[in-house]
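Participant: Below is one structure. I have some questions about it.
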Amino acid sequence: MIKGFKDFIMRGNVIDLAVAVVIGAAFTAIINAIVEGLINPLIGVIFQVGDLSGWTIDVPTLSGGVSTFHVGAIVGAIINFVAVAAIVYFVFVMPMNVFKERQAAKAGVTEAEEEKLPTEQELLVQIRDLLETQKRSS
């Protein structure tokens, strides 16, 4: 049982995932600071609310009260998500894809040489042939 756990932990995927989580958390803090300190105030100036977090919409309720929708918080969360996704893509994903393509080119492997899966028709022909073979041997 312990050997299985050790094999699981030592797999490259688990370590890569742990590194990705730590780096993602660090980048999220940086992006949040940029969005809250720069982008939110700029959007606040455009919509004349002073700060994006102050952008609210008050809607009267049927009972005579007021329900407040915090639109700025929603827009801020969307901006944070898009900013983090863009940073992760342009800083990690895109360079890694370029690196993998270069490594494949150095190794002489092209996409055409990669393992091709059989088509549905080829699979059906194989199944038919196997069934005929089993039928004849019975």
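Participant: Nearest 500 deg cm²/dmol is fine: what mean residue ellipticity at 222 nm does the chain get from its DSSP H runs of n ≥ 4 alone, each adding -39,500 (n - 2.57), divided by its residue count?
Facilitator: Values: 6 runs with 89 residues, N = 138.
Mean residue ellipticity, 222 nm, calculated: -21000 deg cm²/dmol.
Participant: Also, quick follow-up: Counting only trypsin sites (Lys or Arg not before Pro) that sit in a DSSP loop (anything but H, G, I, E, B) with at most 13 other Cβ atoms within 10 Å, what is the longest stretch of the chain containing none of them?
Facilitator: Working: sites that count: Arg11, Lys116.
Result, exposed sites excluded: 12-115.
Participant: Pick from Pro118, Pro60, Pro41: which residue has the top mean-square fluctuation in a GNM of the chain where Cα pairs under 10 Å get a spring?
Facilitator: Judging by the Gaussian network model, the answer is Pro118.
Participant: With 17 Å as the cut-off, how large is the P(r) tail for the range 58-138, expressed as percent of Cα-Cα pairs?
Facilitator: Working: 2462 of 3240 pairs.
Across the range 58-138, Cα pairs with separations above 17 Å total 76 percent.
Participant: Would you order Met1, Met96 from fewest to most other beta-carbon atoms within 10 Å of each residue's own beta-carbon?
Facilitator: On the way: Met1 5, Met96 10.
With the sparsest Cβ surroundings first, the list reads Met1, Met96.
Participant: Projected onto the charge dipole of the range 2-137 (+1 at Lys/Arg Cβ, -1 at Asp/Glu Cβ, origin at the Cα centre), which of Val21, Ile78, Pro95 gives the Cα projection farthest towards the positive end?
Facilitator: Val21
Participant: Along the charge dipole of the chain, Cβ charges K/R +1 and D/E -1, which of Val66, Ile127, Ile31 sits furthest on the positive end?
Facilitator: Towards the positive end, the residue furthest out is Ile127.
Participant: What number, in percent, do you get for the relative contact order of the range 2-137 if the mean sequence gap of Cα pairs under 8 Å and at least 6 apart is divided by its residue count?
Facilitator: Over the range 2-137, the number comes to 14 percent.
Participant: Stick to the Cα atoms of the range 2-137, pair each with every other, and give me the Kirkwood hydrodynamic radius in Å at one decimal. Before the final figure, lay out each step's value.
Facilitator: On the way: mean 1/r = 0.0472 Å⁻¹.
This gives a value of 21.2 Å.
Laboratory data are not the source of any read-out in this text; all were calculated from the coordinates shown. The model shown is predicted, which means the values in this text are computed figures rather than measured ones. As a convention, Cβ positions derive from the backbone with ideal geometry for all residues, glycine included, and neighbour counts pool all protein chains shown.
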